[in-house]
């Protein structure tokens, strides 16, 4: 039985993947730090839960015993001043994981990434899977550094290195979508005026593509995970609000959105609470992104459940 370690297993995308894999013959090691996994996961016979700290390499050793594949989600989100800590929590912590994984003879390491690492891309000029992009946000810059570490360590580590660059995952249960619905319900959802291209992927297709990246043989390199739709963020949110029965998001001046982000971050700093919006989130959110999914369609997911978000609109 193949054993898979999922880091960030108590997080949104990580926990959804763990539950999706329960019906397979995979044995799951779920890595957590502060937050616990769901009771459904803890009670499953093929699941083992490990508490560890990516800052402490020794704490990772038990979770990596006999592991064949790692799927890495873990990171810090929704905290003020991400520019000050992401270089550590993304880059250094991932380096720690890689070093322990190599000693543990892990066969495949899958990093969950996103197309933003190549900077501005569009349906006409999509991200191609390069490591020489020029991202402008701290989140994208440090994630690119993670990708570079992954492929650098592959040269001496004797493992298959895989980066899954996800488009925006949509569906009920996805935190960003649920948050947008809540803001929309109270007529608080706003968006900047300038059109921003986004690449989307339904929850169902994200889960199946990631599963195939785990179980298939000879999976290597960078894969962009997205559907066939071509749309802007504004178009998607307008359609989503209509689906929920609410009015379209307010078109706002970017300066007002940045001000709101700064206030959220200030509140996070003073009271130690989460910051659902940061200036870096706004910065990365305003970058158009779209990936070339040729490799995904050929090697991972030949048939999408939902070809565009309009086909999957009922899942919102």
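Values quoted throughout were computed directly from the atomic coordinates according to the rules given, and no laboratory measurement underlies them. Predicted, not measured: the structure shown is a model, and the values here were computed from it. In this analysis, Cβ positions are derived from the backbone assuming ideal geometry, glycine residues included, and neighbour counts consider all displayed protein chains.
Taken over region 181-245, the alpha-carbon convex hull comes to 114 cubic angstrom per residue.
The C-alpha atoms of the chain define a longest principal axis, and helix 233-244 lies at about 80 degrees to it. Three principal axis extents of region 181-316 based on alpha-carbon atoms, in descending order, are 49, 33, 24 Å.
Regarding region 115-154, what is the average projected area of its C-alpha convex hull, in nm²?
In nm², the orientation-averaged hull projection of region 115-154 is 2.7.
Going 7 Å from the Cα of residue 124 along its beta-carbon direction, which residues of region 275-312 have the amide nitrogen within less than 19 Å of the resulting point? From region 275-312, the list is 287-293.
I'd like the FRET efficiency for residue 298 and residue 179, computed as 1/(1 + (r/R0)^6) with the beta carbon distance as r and R0 of 41 Å, rounded to 0.05.
FRET efficiency, residue 298 to residue 179: 0.75.
Against the longest alpha carbon principal axis of the chain, how many degrees, from 0 to 90 and to the nearest 10, is the axis of helix 175-185 turned? Orientation of helix 175-185: about 20 degrees from the principal axis. Helices in the chain, meaning DSSP H runs of at least 4 residues, each add -39500 (n - 2.57). Divided by all residues, the mean residue ellipticity at 222 nm is -10500 deg cm²/dmol.
Expressed in units of 2.2 N^0.38 Å, where N is the residue count, the Cα radius of gyration of region 91-195 is 1.33. Using bins 10 angstrom wide from zero, how does P(r) for the chain break down, in % of all Cα pairs? With 10 Å bins starting at 0, P(r) equals 6, 26, 37, 24, 7, 0. If the chain linking residue 24 and residue 248 were pulled fully straight, counting 0.36 nm for each residue of separation and taking away their Cα-Cα distance, it would gain 76.6 nm. Note on residue 267 and residue 103: the model spin-label points, each 7 Å out from Cα along the C-beta direction, lie 4.3 nm apart.
From the P(r) of region 1-61, can you give the percent of Cα pairs sitting at distances over 16 Å? Everything past 16 Å amounts to 37 percent. Per-residue extension of 0.36 nm, minus the Cα-Cα distance of residue 172 and residue 152, leaves a gain of 3.5 nm for this segment. Each Cα pair under 8 Å and six or more residues apart adds its separation to the average, and for region 208-316 the resulting relative contact order is 41 percent.
Taking Cα pairs under 8 Å and at least six residues apart, what relative contact order does region 1-53 come out at, in percent?
38
Cβ crowding within 10 Å ranks 164, 256 as 256, 164, fewest other Cβ atoms first.
The packing ranking of peptides 142-155, 200-213, highest mean first, is 200-213, 142-155, where packing means the average number of other beta carbon atoms within 10 angstrom of each residue. The fraction of all Cα pairs in region 269-316 landing in successive 10 Å bins from 0 to the largest distance is 18, 26, 32, 18, 7, given as whole percents.
Enter the per residue convex hull volume of region 218-280, computed from alpha-carbon coordinates, in Å³ rounded to the nearest integer.
193
Taking the square roots of five times each eigenvalue of the Cα gyration tensor of region 1-137, the equivalent ellipsoid has semi-axes of 27, 18, 16 Å, listed largest first.
Using the Cβ-Cβ distance between residue 256 and residue 134 with R0 set to 35 Å, the FRET efficiency works out to roughly 0.80. Between 0 and 90 degrees, the angle of helix 254-271 with respect to the longest Cα principal axis of the chain falls at about 50 degrees.
Over region 158-219, the fraction of Cα-Cα pairs per 5 Å bin, rounded to whole percents and listed from the shortest bin up, is 4, 14, 17, 19, 17, 11, 8, 5, 4, 1, 0.
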